[in-house]
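The values are calculated or read from the model by the stated rules, or taken from the named source; none is laboratory data. Nothing here was measured: the structure is a model prediction, and the numbers come from that model. As a convention, Cβ positions derive from the backbone with ideal geometry for all residues, glycine included, and neighbour counts pool all protein chains shown. Protein only, heavy atoms only, side chains kept; ligands, DNA and RNA dropped before computing areas. Shrake-Rupley method; radii C 1.70, N 1.55, O 1.52, S 1.80 Å.
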Amino acid sequence: MKKTLLLISILFSLQSFSQIYVGSNTPVYVKNQVLYVGQDINLASNSILYLRNNSQLVQGTTSTSANTGTGVLSLYQEGSSDNFDYNYWCSPVGNTAVSTGNNNFGITLLYQPTTAIASAGATILPIGSYNGIANPLTIASHWIYKLTNANNYSQWVQVGTSTMIAPGEGFTMKGTSGSDSADPEGTGIVNNPGSAQRYDFRGKPNDGNITVTVGSNNAATLTGNPYPSALHLNAFLLDPTNTAATGIAYFWQQDKNVNSHYLSAYRGGYAAYSPIDLASNGIYTAATFRSYNSDGSVNNNPPAGTSPIVARKYLPIGQGFIINGTSNGTVTFRNSHRVFYREDNILSQFEKPSKNLSSKSNNNTDLEDGPPPPPSPVPYFKLNTIINNEFTRQLALAFVSTATDGVDRGIDARNMDESLPNDVSFWIENGNYVIQGVTFDLNKKIPLSVKVTTNTTFKFYISEISDFDNSQPIYLYDLLDNSYHDIKNAKYEVAVAPGTYSERFKISFTNKTLGTDEISKTDFLIAQDNKNQVLKALNPNNLIIKSFTLYDILGKKVLAKNNLAVDQSYNFSTSGLSSGIYIAVFLTDDNTKITQKIIISNSGK
């Protein structure tokens, strides 16, 4: 098969090649363009393929990479400039080799740009040295870690200077201190203005199918965009062959105002991204910053606030993220997931301090087929809960026609920060979630799980509404006193005693007081007889009662009876229950709930 020999090119207009061979000692320079290669690339010894001014390389290989050669691809990406702040990375290149295929990566493949074509090798500090430097570029290898199929903090693996990061494996790396005024591309954007650190990745370009191992029971794996082009994150997460993972991506975000290497001082958490469907811009919930003790446990005094929202649909080059497994298996990145899309703070943004991207063209395209299709709007709103005036938990409720009331892959996002001492989540299939998708039903109530370690104040309110009926009221229902609170126009503040509440708080779209509008109080009477330790219910109109449930003040089910016969009275013993406030709930055959707060006073309990 004929190969194209490119001796030198200063600028490609949008070009497509079936294959590319770059001869020995030959530079190829691509500026502000997408280079599409249908099959493989052969970079002969000492050849360099430069991707500059936001250029990207996209390949059409449909299986294993056939890229060969000891020449290198050179491309830039910027991370944090703070040597206390982690970025999650995934390399677009690996070690060079004459043989075909993708190769492992190590931080020795990172360089400091000096001109548009020249770079100096980074100085790599040994393990035990903690602070990176911008100029000359000095990387602290102590903070290079990876994570595979992990269920606890101790399973992070320190990589250091080793070249043991497989294609598709993510890694952590802290940034640098200082600044670097070199402007290698002549665009007015310097290597490090004090807010972002530029790195030159040099190695064999990754291509083709890249497989990552995942584990069952929501085991966490750090992965990322493994290609020298943008990644359509929705396409990867929702790929029908990738069902061994939940279809949700999590991004580490850290409080950049904390300048410490001590674990106890860290403030950070995981933002969640739910793709919903291929055309959607996805749903994103900000991380709730938390802090750790030196043993890895969570500090009981988390900081205030949540992290900023970051664009995720088209994942930039080098961006790492966490996925959770649903079974022991693999997920695969494919060239069909790749797109040409420049970072723009709208749909594609690397996790680092924001920078001025106005000089970048907005001529983003899905490969060479024109602009991306318009997004399909997903109605949603976000519920923010201020917890003890210390930090904010953000939840998102999306309205999706294909969603069920159970856990849906690619829609419902599990809470990755379940170790927070006080927290709020959606309660789905006995699990805690930060994003939930449902079909809209005016009479539906969405349960929240509220965890309280110490007496805590919660303030609930709606912080954002998108493509959802602005005239639709949104309430928080409190089962404790059968009350409804408008959280769309005001905050509902409530003090909650220690415990785990899975039934007490619910999002509601009507403020109808259960058991009073549908059924007159004279039709069904509920009372507690503390003298005889019996809960009594009178049913003079012979309503058909399907079930009876009694909840304690924490929302825990303490008594339940099903398939009740039609009777004019019911008696339920409460002799084994502790004294306190309880909620009695009767369910009729037409699913009407009759609710009554009762007080049980049992001597000696």
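What single numbered condition from (1) assigned to a loop (DSSP other than H, G, I, E, B); (2) polar (S, T, N, Q); (3) in contact (Cβ under 8 Å) with a residue 24 or more places away in the chain fails to hold for Thr223?
Just one mismatch for Thr223, condition (1).
Please work out which residue is most open to solvent (accessible area, probe 1.4 Å), limiting yourself to the range 367-387 and to residues that are assigned to a loop (DSSP other than H, G, I, E, B) and at pLDDT 90 or above. Steps first, answer last, please.
Taking the range 367-387 first, the residues assigned to a loop (DSSP other than H, G, I, E, B) are 367-379.
Okay, now just the ones that are also at pLDDT 90 or above, so 378-379.
On the way: Val378: 16, Pro379: 37 Å².
Checked the range 367-387; the qualifying residue most open to solvent (accessible area, probe 1.4 Å) is Pro379.
Tally time: how many residues in the range 94-149 are within 27 Å of Ser181 (Cβ to Cβ) and of a type in the set (Gly, Ala, Ser)?
Residues flagged as within 27 Å of Ser181 (Cβ to Cβ) and of a type in the set (Gly, Ala, Ser) within the range 94-149 amount to 11.
Which of the residues belonging to the range 126-141 are buried (at least 16 other Cβ atoms within 10 Å of the Cβ) and closer than 26 Å to Thr223 by Cβ?
Gly132, Leu137, Ile139, Ala140, Ser141, listed by residue number.
So, in the range 509-527, of the ones that are out of contact with any Pro (no Cβ under 9 Å at 6 or more places or on another chain) and open to solvent by less than 40 Å² (accessible area, probe 1.4 Å), which residue ends up modelled with the highest pLDDT?
For the range 509-527, the residue satisfying everything is Ile526.
Name the pairs whose Cβ atoms lie under 9 Å apart, with the first residue in the range 147-158 and under 17 Å from Ser419 (Cα atoms), the second open to solvent by 70 Å² or more (accessible area, probe 1.4 Å) and of a type in the set (Val, Ile, Thr), and 6 or more positions between them or separate chains?
Correct list of pairs: empty, since none qualify.
Just to be sure, is Pro126 more than 30 Å from Asp417 (Cβ to Cβ) and in contact with a helix residue (DSSP H, G or I) (Cβ under 7 Å, 6 or more places away or on another chain)?
Considered against the rule, which asks whether it is more than 30 Å from Asp417 (Cβ to Cβ) and in contact with a helix residue (DSSP H, G or I) (Cβ under 7 Å, 6 or more places away or on another chain), Pro126 comes out as yes.
Results for (1) buried (at least 23 other Cβ atoms within 10 Å of the Cβ); (2) in a strand (DSSP E or B); (3) charged (D, E, K, R), shown as yes or no for each residue.
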{"site": "Leu57", "(1), (2), (3)": "yes, yes, no"}
{"site": "Thr61", "(1), (2), (3)": "no, no, no"}
{"site": "Leu75", "(1), (2), (3)": "yes, yes, no"}
{"site": "Asp82", "(1), (2), (3)": "yes, no, yes"}
{"site": "Ser91", "(1), (2), (3)": "yes, no, no"}
{"site": "Gly101", "(1), (2), (3)": "no, no, no"}
{"site": "Thr108", "(1), (2), (3)": "no, no, no"}
{"site": "Tyr111", "(1), (2), (3)": "no, yes, no"}
{"site": "Ile117", "(1), (2), (3)": "no, no, no"}
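Taking Thr163 as meeting all but one of (1) among the hydroxyl-bearing types (Ser, Thr, Tyr); (2) in contact with an Asp or Glu (Cβ under 9 Å, 6 or more places away or on another chain); (3) within 18 Å of Leu109 (Cβ to Cβ); (4) surrounded by fewer than 24 Cβ atoms within 10 Å (Cβ to Cβ), write down the number of the exception.
Result: Thr163 passes all but (2).
All but one of (1) open to solvent by 10 Å² or more (accessible area, probe 1.4 Å); (2) at pLDDT below 85; (3) in a strand (DSSP E or B) hold for Ser264; state the number of the condition that does not hold.
Of everything listed in (1) open to solvent by 10 Å² or more (accessible area, probe 1.4 Å); (2) at pLDDT below 85; (3) in a strand (DSSP E or B), Ser264 misses just condition (3).
Given the residues Pro228, Pro240, which is the only one that is surrounded by 21 or more Cβ atoms within 10 Å (Cβ to Cβ) and either assigned to a loop (DSSP other than H, G, I, E, B) or under 23 Å from the mean Cα position of the chain (by Cα) (or both)? Lay out the reasoning, then the answer.
Numbers: Pro240 fails: surrounded by 21 or more Cβ atoms within 10 Å (Cβ to Cβ).
So the residue among Pro228, Pro240 that is surrounded by 21 or more Cβ atoms within 10 Å (Cβ to Cβ) and either assigned to a loop (DSSP other than H, G, I, E, B) or under 23 Å from the mean Cα position of the chain (by Cα) (or both) is Pro228.
What are the residues in the range 388-412 that are at pLDDT 90 or above and charged (D, E, K, R), if any?
Arg393, Asp405, Asp408, Arg409, Asp412
How many residues, within the range 440-486, are within 24 Å of the chain's Cα centre (by Cα), small (Gly, Ala, Ser) and more than 23 Å from Arg414 (Cβ to Cβ)?
Residues in the range 440-486 being within 24 Å of the chain's Cα centre (by Cα), small (Gly, Ala, Ser) and more than 23 Å from Arg414 (Cβ to Cβ): 0 in total.
Condition first: closer than 22 Å to Asp82 by Cβ and not aromatic (Phe, Trp, Tyr). Now tell me which residues in the range 95-119 satisfy that. Break it down into steps so the answer makes sense when it comes.
Quick first cut of the range 95-119, residues closer than 22 Å to Asp82 by Cβ only: 107, 110-113.
Residues satisfying the conditions are Ile107, Leu110, Gln112, Pro113.
Residue by residue through the range 250-266, note down the ones that are more than 14 Å from the chain's Cα centre (by Cα) and among the hydrophobic types (A, V, I, L, M, F, W, C).
Val258, Leu263, Ala265 - these are the residues of the range 250-266 that are more than 14 Å from the chain's Cα centre (by Cα) and among the hydrophobic types (A, V, I, L, M, F, W, C).
Can we say Thr161 is within 26 Å of Asn209 (Cβ to Cβ) and not charged (D, E, K, R)?
So Thr161 does not fit the description; no.
Got a number for residues in the range 532-543 being open to solvent by 70 Å² or more (accessible area, probe 1.4 Å) and modelled with pLDDT of 90 or more? Even if it seems obvious, please write down each step before you answer.
Filtering the range 532-543 down to residues open to solvent by 70 Å² or more (accessible area, probe 1.4 Å) leaves 532, 536, 538, 541-542.
Subsequent filtering for residues that are modelled with pLDDT of 90 or more retains 532, 536, 538.
Number satisfying all stated conditions: 3.
If the requirement is being buried (at least 20 other Cβ atoms within 10 Å of the Cβ), closer than 23 Å to Arg338 by Cα and within 17 Å of the chain's Cα centre (by Cα), which of these qualifies: Gly247, Gly269? Steps first, please.
Details: Gly269 fails: closer than 23 Å to Arg338 by Cα.
Going through Gly247, Gly269 in turn, just one is buried (at least 20 other Cβ atoms within 10 Å of the Cβ), closer than 23 Å to Arg338 by Cα and within 17 Å of the chain's Cα centre (by Cα): Gly247.
Give me the pairs: first residue in the range 126-144 and at positive phi, second residue at pLDDT 95 or above, beta-carbon distance under 7 Å, and six or more apart or on different chains, which are they?
Correct list of pairs: Gly128/His142.
Do the conditions hold for Gly168, that is, is it open to solvent by less than 10 Å² (accessible area, probe 1.4 Å) and in a loop (DSSP other than H, G, I, E, B)?
Spelling it out, Gly168 is indeed open to solvent by less than 10 Å² (accessible area, probe 1.4 Å) and in a loop (DSSP other than H, G, I, E, B).
Can you tell me which residue is nearest to Ile107 (Cα to Cα) among those in the range 189-208 that are in a loop (DSSP other than H, G, I, E, B) and open to solvent by less than 10 Å² (accessible area, probe 1.4 Å)? Walk me through it before giving the result.
First, pick out the residues of the range 189-208 that are in a loop (DSSP other than H, G, I, E, B): 189-191, 193-195, 206-207.
Checking which are open to solvent by less than 10 Å² (accessible area, probe 1.4 Å) leaves us with 191, 206-207.
Values: Asn191: 18, Asn206: 16, Asp207: 20 Å.
Among those that are in a loop (DSSP other than H, G, I, E, B) and open to solvent by less than 10 Å² (accessible area, probe 1.4 Å), it is Asn206.
Return a yes/no flag: does the range 352-360 have any residue that is of a type outside the set (A, V, I, L, M, F, W, C) and modelled with pLDDT of 55 or more.
yes
When the residues of the range 545-586 are filtered to those that are open to solvent by 50 Å² or more (accessible area, probe 1.4 Å) and touching a residue at least 60 places away in the same chain (Cβ under 8 Å), which remaining residue is farthest from Gln533 (Cα to Cα)?
Looking at residues that are open to solvent by 50 Å² or more (accessible area, probe 1.4 Å) and touching a residue at least 60 places away in the same chain (Cβ under 8 Å), I get Ile553.
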